[in-house]
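Enquirer: The structure that follows is given in the form of structure tokens.
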Amino acid sequence: TRSAVAGGQALLVSPYHPLAAFSAGAAMGRNKLIYALSDVAVVVSSAEGSGGTWTGALEALKGGWVPVFVREGVGAPDGNRALVSLGGHPLPDELVPETVTATDLLALAPPLSPAPEPAPANDQTRLFD
């Protein structure tokens, strides 16, 4: 909030200028930072195959950035089930008390696989050969 920022108790991170107009593309780009700076991700509700929640969760799963937990149970949409089938960790309603912490969820998650090492420069395809 503003008082936290004014009091030096918050950190704001953005690749965009503060006066930049809102756009869906910028919001999707911002999601990468949110996932990358998180300890764990929790998907409460996602459409299947579209939207910022779907795209961000899918990128986090493919990149192995953080464990992605996905709510299951009454009223969970098809997108949630699809994310679980793609590697998200199921989070049944009965496992979620009124408050759950990232530490609680990390204890449930298997360790992340390390990201693959980038290819050496000499193994990369040249653009202008």
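The values are calculated or read from the model by the stated rules, or taken from the named source; none is laboratory data. Values in this document were obtained by computation on a predicted structure and should not be read as measured data. FYI the Cβ positions are ideal-geometry reconstructions off the backbone, even for glycines, and counts take in every protein chain you see.
Enquirer: Is it the case that some residue within the range 84-104 is among the hydroxyl-bearing types (Ser, Thr, Tyr), surrounded by 18 or more Cβ atoms within 10 Å (Cβ to Cβ) and at pLDDT 80 or above?
Expert: Among the residues of the range 84-104, not one is among the hydroxyl-bearing types (Ser, Thr, Tyr), surrounded by 18 or more Cβ atoms within 10 Å (Cβ to Cβ) and at pLDDT 80 or above, which makes the answer no.
Enquirer: Let me ask another. Mind checking whether some residue in the range 1-23 is among the small types (Gly, Ala, Ser), under 27 Å from His89 (Cα atoms) and surrounded by fewer than 13 Cβ atoms within 10 Å (Cβ to Cβ)?
Expert: no
Enquirer: Mind checking which residues of the range 24-56 are surrounded by fewer than 13 Cβ atoms within 10 Å (Cβ to Cβ), touching a helix residue (DSSP H, G or I) at 6+ places or on another chain (Cβ under 9 Å) and closer than 23 Å to Pro110 by Cα?
Expert: Of everything in the range 24-56, just one residue is surrounded by fewer than 13 Cβ atoms within 10 Å (Cβ to Cβ), touching a helix residue (DSSP H, G or I) at 6+ places or on another chain (Cβ under 9 Å) and closer than 23 Å to Pro110 by Cα, namely Asp39.
Enquirer: For the range 1-113, which helices (runs of 4 or more DSSP H) that fit wholly inside it have 3 or more residues that are of a type in the set (A, V, I, L, M, F, W, C) and in contact (Cβ under 8 Å) with a residue 12 or more places away in the chain?
Expert: The qualifying helices (runs of 4 or more DSSP H) are 24-36, 52-63, 78-85, 102-108.
Rundown of residues vs (1) of a type in the set (Ser, Thr, Tyr); (2) more than 30 Å from Val84 (Cβ to Cβ); (3) touching a Cys at 6+ places or on another chain (Cβ under 8 Å), yes/no style:
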position: Ser3; (1), (2), (3): yes, yes, no
position: Leu12; (1), (2), (3): no, yes, no
position: Ala20; (1), (2), (3): no, yes, no
position: Gly25; (1), (2), (3): no, no, no
position: Ile34; (1), (2), (3): no, no, no
position: Asp39; (1), (2), (3): no, no, no
position: Gly52; (1), (2), (3): no, no, no
